[in-house]
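Following: one structure in structure tokens, then a few remarks.
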Amino acid sequence: MTEPVTYSVQDGVAFLTIDNPPVNALSQRVRAALMDMIDRAEEEDGVTAIVLMGAGATFPAGADIAEFDAPLAPPSLPDVCDRIEMCDLPVVAAIHGTALGGGFEIALAAHYRLALTSTRVGLPEVKLGLLPGAGGTQRAPRLAGAKAALDMMLSGGMFAVDRPPARVFFDALAEGDLKDAALRFCKTLVAEGRGPRRTRDMRQGFEDAAGYQAEIARRRARVEVQREMAPREIVAAVEAAQLLPFESGMALEEDLFRERLGSDQSAALRHAFFAERRAPKLALPAGTHMPQIERIVVLGGGTLPMQIVVSALVSGLHVNWGTRDPQILAEGVSQAREVLDWLVSRTTIRRQQADESLARLRTGDSAGMTGDAQVILHAARGQGNVPAPEGVVRIVAMPGRVDAIGLRFAPPAYASRLVELVQGSAATPKEVAAALALARRMGKVAVPVKSAGDTIAGRMMATYQRAADALVDLGQTPFAIDSAMRRWGWPRAPFELADALGLEDLARTPRADGAQNWAAVLVAAGRPGRAAGKGWYDWDKGGPAPSDEALRLVQAMRPQAAALPEAEIVRLILGAIANEGVRMIGTGMAVRPSDIDVTMMLSQDVPRWRGGPMKAVGGEGLFRVAQAMRRLDHPDTAFWTPEPVWADLIKNGHTFDALNEV
């Protein structure tokens, strides 16, 4: 086993290089080695400065998140940061790649910071339901003030070091060889007699005390209306940096970090983090070639092809866009320009990136676009017989049957990160590899699905509507159900969503004997949804209002019943959705529960801090949810009866998480 930190001395400068591939995560071995190497550098004659660097592609990109589910072994990252800060020799953090979370906290603890101009830094702990736990909430505001510190911590984003808010943290930026730049920097420090400069003693971020507190008040007003707890505690910790001595602020940060680490929200967010990374790991036969996709062909006109084209262009791909109708193509290109302009206005991309994207677009008749294709996406009907070079993989990107391979982009394709990789019965490893390579090239999270065209999202949302209808059968009002789901955190309330999509398609969905399709009832009554201004809700410019007429229609057709508690409504609907997920796994359509969670979080707005429906049911307790489903006296018994795997998991004290490892 190689050493996680290497030690070398050049011209009196000790270089401590962290070498823990692939991202130099700050595991226990790395932390312990850093402590030892700092001791060694302090004790070695002739060493006048220390440089912390990362080997390979990056400075430490963060903590080892896999360690968070067990007691953290010493030395802790705060201890390492304290050791760096209290070192008797000047310590310079020389950064390249990405320095995120704990990696950036190490840099903040160093006495000086140097970075390549291409470096990006951030404090993304909020995305895991946490706050920085190694001094980030105390050191960052000392250097940069409340605004810059909170911009980084509350967004959880990555920031270029040559622009605000990150630029203020760096003493110098460099091009070229980072080690040479660090050596020159250290020689200048020694020549000028500059020694350790401890961040805990710095105060420039507190100079405008009133402005600091005003920023705290402004951010607190924002985060207190959110359901997530981590943002609130980040604001509290950054406020404490100004008001408390450093050691007291650190103690508060530690308490808040440990509290968040043990919370359900953080567990759900960490589940989401790992689930996204697990989903695209498809079991392909050994030796399957993963192509490098640089040019794709998109065939067809309309909204979906336009969105796919924009997404592909923004990701850096060259795109040939072909249709058989030049007018439709011209309209599509105009719409693509508008979307790119909108992305620029939202600062999602820069103007230069938008212009360069359009320069990679070629358009024309479908038959003339396929000659240099690496992959062809059929994104609209009427393009199936377009000739193409032999052996080019054709991917179905539109709704409908999939015999071989399909990619179903969650809308809008240029903004959503999800694509379902649908493998039909005739899919070959070459086709699966090409689809997966394209999804990765486009920056999408690819969730594998085995079906003839059905998607996980489609199955789960159909189940959502079926379960909601069943509760109306039993006497609940559609508006109480919508309210319960919104208050749980899911903005896509079932009946308001049905109105928005239009009730006609849903009205044709079969129900079991004795169960009602309530969308069909409303359509028959002339209330087909939002487009007509009336469905479950009355729609006007002020937004939806619960319809008394719709409620009277329902009440006339089913018995009255006592209102269920909101928690019971949520429990039953989530249970039904999870039960459908178990069925999909049982038939092989879905690989694992976490894939279902990823799909629902990225395409259907299930809140990440709930972890997805499968994770949420585990949090509720499988036994409690299964009992609630069994108690439900509804004629659609096959739908509501928990699948056998529930009993096996309950007997062994497991949740659906146990199926992720199968």
Gln213: passes all of (1) under 29 Å from the mean Cα position of the chain (by Cα); (2) modelled with pLDDT of 95 or more but (1)
Among (1) surrounded by 23 or more Cβ atoms within 10 Å (Cβ to Cβ); (2) modelled with pLDDT under 95; (3) not hydrophobic (A, V, I, L, M, F, W, C), the one test that Gly129 misses
(2)
Which of the residues that make up the range 499-517 are in contact with a Phe, Trp or Tyr (Cβ under 7 Å, 6 or more places away or on another chain) and either at pLDDT 95 or above or not assigned by TED's automatic domain parsing to the domain that holds Leu553 (or both)?
Asp499
If we ask which residues in the range 193-215 are assigned to a helix (DSSP H, G or I) and farther than 18 Å from Pro245 by Cβ, their number turns out to be 4
Those residues of the range 233-270 which are closer than 30 Å to Met600 by Cβ and outside any helix (DSSP H, G or I) amount to Gly262, Ser263
Looking at Ala241, Ala236, Ala230, which is the one that is crowded, with 21+ Cβ neighbours inside 10 Å and under 22 Å from Met202 (Cβ atoms)?
Ala241
Unmet criterion (only one of (1) β-branched (Val, Ile, Thr); (2) touching a residue at least 12 places away in the same chain (Cβ under 8 Å); (3) farther than 30 Å from Pro593 by Cα) for Thr288
(3)
Can you tell me which residues in the range 158-187 are under 15 Å from Met53 (Cα atoms), in contact with a Phe, Trp or Tyr (Cβ under 9 Å, 6 or more places away or on another chain) and in a helix (DSSP H, G or I)?
Lys179, Ala182, Leu183, Phe185, Cys186
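The rows are residues; the columns are (1) more than 16 Å from Pro291 (Cβ to Cβ); (2) in contact with an Asp or Glu (Cβ under 7 Å, 6 or more places away or on another chain).
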{"residue": "Arg360", "(1), (2)": "yes, no"}
{"residue": "Gly368", "(1), (2)": "yes, no"}
{"residue": "Asp372", "(1), (2)": "no, no"}
{"residue": "Val375", "(1), (2)": "no, no"}
{"residue": "Gln383", "(1), (2)": "yes, no"}
{"residue": "Val386", "(1), (2)": "yes, no"}
{"residue": "Val393", "(1), (2)": "no, yes"}
{"residue": "Pro399", "(1), (2)": "yes, no"}
Just one of (1) assigned to a strand (DSSP E or B); (2) loosely packed, with under 14 Cβ neighbours inside 10 Å trips up Gln292, so point out which.
(1)
Based on this model, can you work out whether Ala520 counts as more than 30 Å from the chain's Cα centre (by Cα), surrounded by fewer than 23 Cβ atoms within 10 Å (Cβ to Cβ), at pLDDT 95 or above and more than 30 Å from Asn660 (Cα to Cα)?
yes
Regarding the range 213-224, can at least one residue be identified that is assigned by TED's automatic domain parsing to the domain that holds Ala109, crowded, with 21+ Cβ neighbours inside 10 Å and among the basic types (Lys, Arg)?
yes
Might you let me know whether the range 271-281 holds any residue that is within 25 Å of the chain's Cα centre (by Cα), crowded, with 21+ Cβ neighbours inside 10 Å and not in a helix (DSSP H, G or I)?
yes
Unique match (being out of contact with any strand residue (DSSP E or B) (no Cβ under 6 Å at 6 or more places or on another chain) and without any contact (Cβ under 8 Å) to a residue 24 or more places away in the chain) among Arg571, Arg552:
Arg552
So Asp597 passes all but one of these: (1) modelled with pLDDT under 95; (2) closer than 30 Å to Ala427 by Cα. Which condition number does it fail?
(1)
Output yes when any residue across the range 198-208 is under 27 Å from Thr137 (Cα atoms) and among the aromatic types (Phe, Trp, Tyr), and no when none is.
yes
The range 361-385, subset in a loop (DSSP other than H, G, I, E, B) and touching a Leu at 6+ places or on another chain (Cβ under 6 Å), residue modelled with the lowest pLDDT
Gln383
One residue from Asp11, Asp36, Asp88, Asp79 being more than 34 Å from the chain's Cα centre (by Cα) and within 19 Å of Arg198 (Cβ to Cβ):
Asp88
Tell me which helices (runs of 4 or more DSSP H) are completely within the range 420-498 and hold 2 or more residues being hydrophobic (A, V, I, L, M, F, W, C), buried (at least 18 other Cβ atoms within 10 Å of the Cβ) and within 20 Å of the chain's Cα centre (by Cα), or say none if there are none.
429-441, 456-473
Consider Val386 carefully, then state whether it is of a type outside the set (Lys, Arg), touching a residue at least 60 places away in the same chain (Cβ under 8 Å) and touching a Ser or Thr at 6+ places or on another chain (Cβ under 6 Å).
yes
Condition check for Pro305: out of contact with any strand residue (DSSP E or B) (no Cβ under 9 Å at 6 or more places or on another chain) and not assigned by TED's automatic domain parsing to the domain that holds Arg198
no
Would you list the helices (runs of 4 or more DSSP H) that sit entirely within the range 599-662 and hold 1 or more residues that are touching a residue at least 12 places away in the same chain (Cβ under 8 Å) and farther than 26 Å from Leu418 by Cβ?
622-631, 637-640, 644-651
Any chance Glu247 is loosely packed, with under 13 Cβ neighbours inside 10 Å, modelled with pLDDT under 95 and within 28 Å of Ile50 (Cβ to Cβ):
no
In the range 631-662, which residue that is of a type in the set (Val, Ile, Thr) and touching a Lys or Arg at 6+ places or on another chain (Cβ under 9 Å) is surrounded by the fewest Cβ atoms within 10 Å (Cβ to Cβ)?
Val662
With the first residue restricted to the range 142-158 and required to be at pLDDT 95 or above, and the second required to be among the aromatic types (Phe, Trp, Tyr) and part of a helix (DSSP H, G or I), Cβ contacts under 8 Å at 6 or more apart or on different chains are Arg142/Phe206; Leu143/Phe169; Ala144/Phe169; Gly145/Phe206; Gly145/Tyr212; Ala146/Tyr212
So which pairs qualify, if the first residue must be in the range 342-368 and under 17 Å from Ala379 (Cβ atoms), the second must be basic (Lys, Arg), the Cβ gap must be under 8 Å, and the two must be at least 6 apart or on different chains?
Asp365/Arg324; Ser366/Arg324
Consider Gly97 carefully, then state whether it is buried (at least 21 other Cβ atoms within 10 Å of the Cβ), at pLDDT 95 or above and in contact with a strand residue (DSSP E or B) (Cβ under 9 Å, 6 or more places away or on another chain).
yes
Residues being outside any helix (DSSP H, G or I) and either not assigned by TED's automatic domain parsing to the domain that holds Asp636 or not charged (D, E, K, R) (or both): count how many of those fall in the range 555-598.
13
Taking interchain pairs and intrachain pairs at least six residues apart, which have beta carbon atoms under 8 angstrom, with the first residue in the range 27-43 and among the hydrophobic types (A, V, I, L, M, F, W, C) and the second assigned to a helix (DSSP H, G or I)?
Leu34/Val80; Leu34/Arg83; Leu34/Ile84; Met35/Asp79; Met35/Val80; Met35/Arg83; Ile38/Arg83; Ile38/Ile84
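The values are calculated or read from the model by the stated rules, or taken from the named source; none is laboratory data. These numbers come from a predicted model, not from an experiment. Here the Cβ is made from the backbone with ideal geometry for all residues, glycine too, and neighbour counts use every protein chain on show.
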